[in-house]
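Encoded as structure tokens, the structure appears first; notes follow it.
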């Protein structure tokens with residue numbers, strides 16, 4: 001079936017928007033060979049790493065307040081939440097990776113290692129639904145917040161922003177104490193108020209590591 005010029009322009013615009021790494025002809029060719037559905041899946045996988053700019057209600061979980069580091073970071077958390085309530089752009093507090101690492105052919109290569117497969121995805125976000133935010137100040141001399149070892153892990157919806165816990169960067173190291181604590185927290189939240197013996201889908205992701213919601217949304221858009 002012949003694709004209309006309008007849809008082909010739309011597809012090309014998506015390919016142009018997604019930051020590839022390496023940013024070369026080879027990675028572009030890989031994208032150009034994908035179906036529009038797969039291009040949309042890659043686009044959604046990249047875009048969900050950002051947070052839409054809008055005012056949200058805020059809340060703080062006991063897990064965060066009971067952390068021994070809370071008293072140190074509470075003033076910085078308060079600044080972040082003020083920005084949330086004001087509907088300011090939160091991109092400066094996010095990881096810098098999505099700015100340059102939206103898609104890589106290595107993630108779907110036949111010889112891809114576990115690290116390769118997740119290299120263009122936010123594993124914690126896709127699997128557990130948590131964004132993480134740096135708690136440093138945003139100054140006029142730079143377009144991102146000062147990088148901090150401690151991070152606020154948050155659950156963000158269209159209208160709500162919930163501080164779930166404070167972690168340091170060890171949380172991204174498999175087998176670390178922080179990683180174990182994160183998994184326990186995720187399991188606790190996923191099974192809260194679930195009757196004993198019930199089956200629970202802990203993570204709605206595809207075999208490629210993308211979110212089920214993003215994949216289904218891409219398919220619906222194409223239909």
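Restricting to the range 124-164, name every residue that is in a helix (DSSP H, G or I) and either in contact with a helix residue (DSSP H, G or I) (Cβ under 7 Å, 6 or more places away or on another chain) or closer than 17 Å to residue 90 by Cα (or both).
The answer is 125, 128.
For the range 99-123, give me each residue that is surrounded by fewer than 18 Cβ atoms within 10 Å (Cβ to Cβ), outside any loop (DSSP other than H, G, I, E, B) and in contact (Cβ under 8 Å) with a residue 40 or more places away in the chain.
Listed by number, the residues that qualify are 99, 108, 117, 123.
Could you tell me which of the residues 155, 132 is surrounded by fewer than 18 Cβ atoms within 10 Å (Cβ to Cβ) and more than 30 Å from residue 10 (Cα to Cα)?
Result: 155 is the single residue among 155, 132 that is surrounded by fewer than 18 Cβ atoms within 10 Å (Cβ to Cβ) and more than 30 Å from residue 10 (Cα to Cα).
Of all residues in the range 175-205 being at pLDDT below 95, in a loop (DSSP other than H, G, I, E, B) and touching a helix residue (DSSP H, G or I) at 6+ places or on another chain (Cβ under 9 Å), which is nearest to residue 127 (Cα to Cα)?
The residue in question is 203.
In the range 172-223, how many are surrounded by 17 or more Cβ atoms within 10 Å (Cβ to Cβ) and under 30 Å from residue 38 (Cα atoms)?
8
Exactly one condition in (1) without any contact (Cβ under 8 Å) to a residue 40 or more places away in the chain; (2) in a loop (DSSP other than H, G, I, E, B) is false for residue 167; which is it?
Every listed condition holds for residue 167 apart from (2).
The values are calculated or read from the model by the stated rules, or taken from the named source; none is laboratory data. Computed from a predicted model, the values in this text were never measured in an experiment. Using ideal geometry, Cβ is built from the backbone for each residue, glycine included, and neighbour counts are taken over all protein chains shown.
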